[in-house]
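Readers should treat all values here as calculations from the given coordinates under stated rules, not as data from a laboratory. Everything numeric in this text was worked out from a predicted model, so none of it was measured. Here the Cβ is made from the backbone with ideal geometry for all residues, glycine too, and neighbour counts use every protein chain on show.
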Amino acid sequence: MDLDTVFRKVAEIALLLDDNEIAHAKEDRLYLDVLKAIANGCKNPEKLAEIALTTQKLDFTRWTL
């Protein structure tokens, strides 16, 4: 995973704000993918995480347990 991929996935989530369930699912998937990339020794792990976490600024409903 690289920075461009994370930026693209954040942008895709931003386009789904009218569908909370799908946006939340894609956000969860993005976080998991970023964590796996970091665990596998990706370049720029801090920046990947920082970009991925920008989805927290997006306004959609998230369901948690």
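Some notes on this structure:
- Annotation: lysines with alpha-carbon distance below 16 angstrom to Lys57 (same-chain offsets under eight excluded): Lys9, Lys26.
- Residues in region 50-65 that a label on Glu21 would reach, taking backbone N under 20 Å of a point 7 Å out along Cα→Cβ: 59-65
- Restricting region 1-50 to trypsin sites (Lys or Arg not before Pro) in coil, as DSSP defines it, with at most 16 other Cβ within 10 Å: Lys43
- Region 3-57 - Debye-derived log10 I(q)/I(0), Cα point model, q = 0.19 Å⁻¹: -0.58
- Evaluating 6.51 cos²θ - 1.76 cosθ + 1.60 at θ = phi - 60° for every residue in region 28-40, the Karplus couplings come out as 4, 5, 4, 4, 5, 4, 5, 4, 5, 4, 5, 4, 8 Hz, glycine and proline recorded as x.
- Those chymotrypsin sites (Phe, Trp or Tyr not before Pro) in the chain that DSSP places in a loop and that have at most 11 other beta carbons within 10 Å: Trp63
- In the chain, helical runs assigned H by DSSP with n ≥ 4 each contribute -39500 (n - 2.57); averaged across all residues and rounded to the nearest 500, the mean residue ellipticity at 222 nm is -19500 deg cm²/dmol.
- Percentage relative contact order, the chain, counting C-alpha pairs under 8 Å, at least six apart: 49
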